[in-house]
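Below is one structure; the comments refer to it alone.
Every number in this text was worked out from the coordinates using simple rules, so none of it is lab data. Every value quoted in this text rests on a predicted model; they were computed, and no experiment measured them. All Cβ positions, glycine included, derive from the backbone under ideal geometry; neighbour counts span all protein chains shown.
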DNA sequence: GACCTGATTTCGAGTCGTCAAAAAGGATAG
DNA sequence: CTATCCTTTTTGACGACTCGAAATCAGGTC
């Protein structure tokens with residue numbers, strides 16, 4: 001059985017691969033994402049390559065093998081199902097479930113995960129709108145525009161929030177931008193680097209570009225959240 | 001923060017202390033209970049003594065300090081609340097929750113435990129009838145007779161099952177002896193070392209003494225399970 | 001082509017938890 | 001009081017994971 005450290009490495013690498021499809025993931029990125037030193041990553045990555053979980057190109061980076069990708073996807077599935085479970089059943093606030101799930105994803109058996117999945121009705125996305133991989137390991141990533149790219153003046157529905165930090169999530173909640181909310185982008189200011197939103201409840205909200213880019217939206221018609 | 005290994009050592013020692021109140025817990029017993037070699041226990045126990053979690057008498061055994069007892073009790077509280085949660089909310093079979101909880105007890109935060117406790121209505125006992133320690137660390141151990149000691153011919157209610165192994169629990173379930181069931185001990189055979197029971201539903205069941213000693217009962221009046 | 005600069009690798013070291021096997025201690029029967 | 005047996009301790013070692021610092025590499029600059 002893989003240790004929880006191994007699971008963490010693979011999960012982080014999978015996430016980095018998602019962010020830049022096709023590219024090798026460089027050591028530094030893994031180190032930053034895990035909060036360890038680059039030397040540690042080099043050592044670990046060699047071991048993972050020896051186990052056949054990823055392929056390692058010295059000085060270039062790393063790419064998951066099918067075996068590694070499968071394992072990583074299962075960890076991600078556990079993580080996201082646990083997040084949703086903690087919100088919907090246990091009643092935690094969505095801003096705190098990410099950290100909890102970080103621990104639990106390594107402790108929960110497949111038995112329990114399947115029960116949770118059933119209990120929740122085989123959900124497609126977690127509380128942040130991130131897709132939940134299928135038991136077979138398939139991830140349905142949708143290609144959604146963010147608040148910097150979506151059309152102006154049209155109603156859109158928040159589908160996904162691309163930052164799990166408790167702080168950002170609390171801001172999102174305060175501003176009424178949780179997944180499912182409907183709003184429209186009134187204007188963008190190129191110089192000030194801000195966007196101005198009007199929410200369904202009439203509130204006006206401004207966001208900087210960094211924040212706006214993290215809010216992904218879809219057409220408001222069919223509510224898939 | 002204590003590692004999960006430390007938590008396991010302390011929890012096991014607490015359980016052994018419960019079984020023989022007042023006595024020092026010998027190394028061999030800890031080693032057997034944890035499935036490690038005696039040498040490992042000696043080394044670990046010295047470290048725990050240095051941390052002030054227990055006092056160590058070479059060649060005699062070990063006893064938890066107040067600090068160690070408190071920590072161990074909290075682990076036990078997490079363990080038993082998780083067991084009950086898995087049965088009542090997640091819907092697992094009671095014969096499988098012990099193993100699951102063994103992992104989860106180290107991964108669940110205090111936040112989540114308190115939510116679970118609330119959700120379950122501050123329960124007093126877990127699915128096996130073992131008492132759940134209070135948040136303050138108080139354990140309400142009741143002194144109950146087992147099927148070898150309770151009066152003959154009188155109705156009694158199963159209160160607690162003193163063996164968590166999935167195999168034994170499945171036998172208990174098959175025989176209709178889960179906590180809460182009412183039955184009476186019809187007779188005991190000293191030579192054959194068996195007891196004969198009559199269940200409330202009319203079924204007759206025989207148990208060997210080893211098994212009978214693990215079923216603890218109370219008067220059937222107020223159902224405290 | 002020589003030189004920087006930033007990323008990566010190597011190296012030596014340390015912690016934690018574990019084992020196997022040898023040595024030592026303690027208890028008890030004679 | 002001693003021989004024996006069981007328990008405990010000691011010792012040396014290992015695997016997994018980590019760090020810090022020195023050495024090395026790759027890619028762009030001039």
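Take every Cα pair under 8 Å whose residues are at least 6 apart in sequence, average their separation, divide by the length of the stretch B:121-225, and the relative contact order is 33 percent. Across B:196, B:18, B:79, mean-square fluctuation computed from a Gaussian network of chain B (C-alpha pairs under 10 Å connected) peaks at B:18. Entry for the stretch B:100-225 at q = 0.12, 0.15, 0.20 Å⁻¹: log10 I(q)/I(0) = -0.51, -0.74, -1.13, Debye formula applied to identical alpha-carbon scatterers, no solvent contribution. Between copies, residue B:52 shows label-point distances of 5.1 nm, shortest first, with the point placed 7 angstrom from Cα along Cα to C-beta. Shown is the FRET efficiency for residue A:166 and residue B:201, computed with R0 = 56 Å from the Cβ-Cβ distance and rounded to the nearest 0.05: 0.60. Once the Cβ-Cβ distance of residue B:143 and residue A:1 is raised to the sixth power relative to R0 = 51 Å, the FRET efficiency obtained is 0.80. Counted by neighbouring Cβ atoms within 10 Å, the residues A:73, A:191, A:3 run from fewest to most as A:191, A:3, A:73.
The mean sequence separation of alpha-carbon pairs under 8 Å and at least six residues apart, normalised by the residue count of chain B, gives a relative contact order of 15 percent. Comparing A:176, A:35, A:208 in a Gaussian network model of chain A, where Cα atoms under 10 Å apart are tied by springs, the biggest mean-square fluctuation is seen for A:35.
Nearest to the axis that brings chain A onto chain B is this chain A residue, judged by its Cβ, with the distance in whole Å: A:107, 2. Inter-chain Cβ neighbour count for A:104-112, averaged per residue, equals 5 (cutoff 10 Å, partner chain atoms only).
Restricting to Cα atoms and excluding each atom paired with itself, what does the Kirkwood estimate give for the stretch B:70-119 in Å? Computed over the stretch B:70-119, the radius equals 10.7 Å. In the stretch A:1-50, the alpha-carbon atoms span a convex hull of 77 Å³ per residue. Distance from the Cα centroid of the stretch A:165-225 to that of the stretch A:69-118 is 26 Å (rounded to whole angstrom). At 37 °C and 0.692 mPa s, grab the translational diffusion coefficient of chain A from Stokes-Einstein with a Kirkwood Rh over Cα pairs, rounded to a whole number in µm² per second. Answer from the Stokes-Einstein relation: 174 µm²/s.
Counting from the shortest, the label point at residue A:173, 7 Å from Cα toward Cβ, is 3.7 nm from the same position in each remaining copy.
When residue B:67 is represented by a point 7 angstrom out along its Cα-to-C-beta vector, the spacings to that point in the other copies are 4.5 nm, nearest first. Helical content of chain A, expressed as a calculated mean residue ellipticity at 222 nm, amounts to -12000 deg cm²/dmol (DSSP H runs of 4 or more residues, -39,500 (n - 2.57) each, divided by residue number, nearest 500). Here the Debye sum runs over all C-alpha atoms of the stretch B:31-118 as equal scatterers in vacuum, and log10 of I(q)/I(0) at q = 0.12, 0.14 Å⁻¹ comes out as -0.49, -0.63. Building the convex hull from the alpha-carbon atoms of the protein assembly as shown and averaging its projection over directions returns 28.5 nm². Among B:168, A:85, sorting on how many other beta-carbon atoms sit within 10 Å of each Cβ, with the fewest leading, yields B:168, A:85. Exposure proxy shown here: for A:17, B:186, the number of other Cβ atoms within 10 Å sets the order, fewest to most, as B:186, A:17.
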